1. Taking 0.36 nm per residue of sequence separation and subtracting the Cα-Cα distance, how much length would be gained by fully extending the chain between Trp91 and Gln148, in nm to one decimal?
2. Where Rh is the Kirkwood radius over the Cα pairs of the chain, the temperature 25 °C and the viscosity 0.890 mPa s, what D in µm²/s does Stokes-Einstein return?
3. Per-residue ellipticity at 222 nm for the chain, helices alone: DSSP H runs ≥ 4 residues times -39500 (n - 2.57), over residue total, nearest 500 deg cm²/dmol?
4. Would you mind calculating the gained length between Leu62 and Val79 on full extension (0.36 nm times residue separation, minus the Cα-Cα distance), in nm to one decimal?
5. Which of the three applies to the range 109-176, rounded, prolate or oblate, going by the alpha-carbon gyration tensor with a ≥ b ≥ c and a/c under 1.5 meaning rounded?
6. To make sure I understand, if each residue's beta carbon is the centre and we count other beta carbons within 10 Å, what order do Asp53, Asp5 fall in, fewest to most?
7. With the cut-off at 1.5 for a/c, could you classify the range 38-88 from its C-alpha gyration tensor as rounded, prolate or oblate?
8. Can you give the convex hull volume per residue for the Cα atoms of the range 70-116, as a whole number of Å³?
Amino acid sequence: MLDQDAVNSMGRHWGWIALRGVIAILFGLMAMAMPGITLSALVLVWGAFALADGVLALVAGLRIREQGKPLWALVVVGVLGVAAGVATFLWPGLTALVLLYIIAFWALVSGVFQIVAAVRFRKEMRNEWLVALSGVISVVFGLMLLAQPGAGALAVVWVIGLYALFFGALLLAFAFRLKRHGAA
């Protein structure tokens, strides 16, 4: 469970979480506005998103302190995002199926860590359900991709776009809730 100092630290650094939400929303809008993009472009765009989200999560995890230590769940999410983004750029010729599995496992692991973080927030702040809901959406998204890996590229682009929009909106809402704790 997080102590009040950790929540206040998160509140002071709420902007990093908000920036993650904005980038996710922009990515989602771009994916939905250009559904006919080629798979190779999708690979690169998703790689850029995963890398940017990972870097921001890593920075937030290292800056936010829990009893003087970095917030490790967020650091792990950041490292996974950076690794997924780098892997995408190192091997851009990945098949659609491999990319879908990378995205699915990234969403599953990220979602589980978001849910764990929400459980830790429950006694220290209100509306921690926003983090839990973003985690549940990530897990459901990952499971959907694993269950239907052969879905058409256009459908995948739309699902990814919708996921990024919801995920980003929930992160933004949570960041603005955290902002109140930073002023304390």
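None of the figures in this text is laboratory data; all of them are computed from the coordinates on show. These numbers were taken from a predicted model, which means no experiment stands behind them. Because the Cβ atoms are built from the backbone with ideal geometry, glycine has one as well, and the counts that use them run over all protein chains shown.
1. Using 0.36 nm per residue and subtracting the Cα-Cα distance, I get 18.2 nm.
2. 151
3. -28000 deg cm²/dmol
4. That pair, Leu62 and Val79, stretches by 5.0 nm at full extension.
5. Taking the square roots of the gyration eigenvalues as a ≥ b ≥ c, the range 109-176 is oblate.
6. Least to most surrounded, the residues fall as Asp5, Asp53.
7. Verdict is prolate for the range 38-88.
8. 44
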